[in-house]
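Comments concern the structure below.
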Amino acid sequence: AFYKNIRSIVKVCDGTFSFRTPPTFYDIVNPELISAYQELDAYMDHVFNHDNSPPFTCKALLKHFGFSNPSPSQVFVCSQAFKTGIFVWTSPDNPGEVFSYGNGRRGCLRAIAASILLSQESVSSTVDLDPSSGGIKEPLLKLTHLMRGLGFKRSLHHRRTDGMFSGTVGQSPYGIPDQFSFFSPDYSPGGAHKDSGLVSPEAELLSTNQIVSSQNAYYMFVQLGLSACFGGIGPRWDRGVFQSCGSWNDRSYRNAVAHLDFSPSSPDLSDSAEVINELNTILTASRLSVPNKALIESAY
């Protein structure tokens, strides 16, 4: 039926569900390239306008924005923004301030992004108390977050870019194992997650060895910069000398391709509370618990 381009009904599950064969614009007797383009465009239009596309797209985007298990209300608001191409946000502090995002066209990414970033779940701190909310950050994003927040600075003696992030963090640029992703979007770890029907896609990259080695690598990154020395992150820069890492506590960065160049904005570096508050904002979005903050201030 497909090759003849005639309408045929396919029934599955004992006739409970049915669908028709898709039409084809491709003439197998006299094929032309334009016909292939037309058929592909028709297929893309069908997928884009399908009823399932808004919630499917929104669920995938919400997972990338830190919501591994988005609530039905989040998916609904995002789906409405997808369908209408407009998201209207009212300031909770001033109801008179109303902002509109989007161009009114179906699938407008501006409206979709605004519906995610300005949703109640995104701006409310009480959501942190929900054990099913949030998600795990990918190892490579965790590393780049640390680099951006603490002033990543390239070393003048090293201008190569290959192998910059090789190491033990669990991910590397262009190191994706297949054409889909580093992990499955529906991965659910064994135990409480699986028993509760929750997913944690990024957790597929985690193992006891990876967690311990990555934490050690982040510590060495802060101490020695971007270098493979002593289990750190990055390539080995030996200048032709085998195992020339030297002493790990000299802080010279001579074997690092880059290092962190962070300086607190507070003029009084002895004010531990001010410095820790700034780091808390940069690294944890001010989510550091009171006991942990007190512990770090005491160590500072």
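Selection within the range 72-108: residues that are of a type in the set (A, V, I, L, M) and out of contact with any strand residue (DSSP E or B) (no Cβ under 7 Å at 6 or more places or on another chain). The member of this set that is nearest to Ser133 (Cα to Cα) is Val75.
None of Val275, Val212 is of a type in the set (A, V, I, L, M), open to solvent by 50 Å² or more (accessible area, probe 1.4 Å) and at pLDDT 85 or above except Val212.
The single condition among (1) out of contact with any helix residue (DSSP H, G or I) (no Cβ under 8 Å at 6 or more places or on another chain); (2) modelled with pLDDT of 90 or more that Lys63 does not satisfy is (1). In the range 220-237, the condition of being over 27 Å from the mean Cα position of the chain (by Cα), open to solvent by 90 Å² or more (accessible area, probe 1.4 Å) and modelled with pLDDT under 85 is met by at least one residue.
If the requirement is being of a type outside the set (A, V, I, L, M, F, W, C), modelled with pLDDT under 85 and more than 19 Å from Thr144 (Cβ to Cβ), which of these qualifies: Asp186, Asp268? Talk me through it step by step, then tell me what you get.
Details: Asp186 fails: modelled with pLDDT under 85.
The conditions single out Asp268.
Give me a count of the residues in the range 114-149 that are out of contact with any strand residue (DSSP E or B) (no Cβ under 8 Å at 6 or more places or on another chain), under 14 Å from Phe82 (Cβ atoms) and assigned to a helix (DSSP H, G or I).
1
Of everything in the range 112-131, what is closer than 21 Å to Pro55 by Cβ and either open to solvent by less than 40 Å² (accessible area, probe 1.4 Å) or in contact with a Lys or Arg (Cβ under 8 Å, 6 or more places away or on another chain) (or both)? Give them in sequence order. Across the range 112-131, the qualifying residues are Ile112, Ala113, Ala114, Ser115, Ile116, Ser119, Val127. Each residue in the range 136-166 was checked for being at pLDDT below 70 and under 27 Å from Leu206 (Cβ atoms), and 5 of them qualify.
Can you give me the number of residues within the range 180-195 that are surrounded by 11 or more Cβ atoms within 10 Å (Cβ to Cβ), in contact (Cβ under 8 Å) with a residue 12 or more places away in the chain and either touching a Gly at 6+ places or on another chain (Cβ under 9 Å) or not small (Gly, Ala, Ser) (or both)? The qualifying residues number 6. For the range 134-150, the candidate set comprises residues that are open to solvent by 40 Å² or more (accessible area, probe 1.4 Å) and either in contact (Cβ under 8 Å) with a residue 40 or more places away in the chain or of a type in the set (D, E, K, R) (or both); within that set, the residue that is nearest to Ser91 (Cα to Cα) is Gly135.
The values are calculated or read from the model by the stated rules, or taken from the named source; none is laboratory data. Bear in mind the structure is a predicted one, so any value in this text is a computation, not a measurement. Because the Cβ atoms are built from the backbone with ideal geometry, glycine has one as well, and the counts that use them run over all protein chains shown. Ligands, DNA and RNA are excluded from the accessible area calculation, which covers all protein heavy atoms including side chains. Shrake-Rupley method; radii C 1.70, N 1.55, O 1.52, S 1.80 Å.
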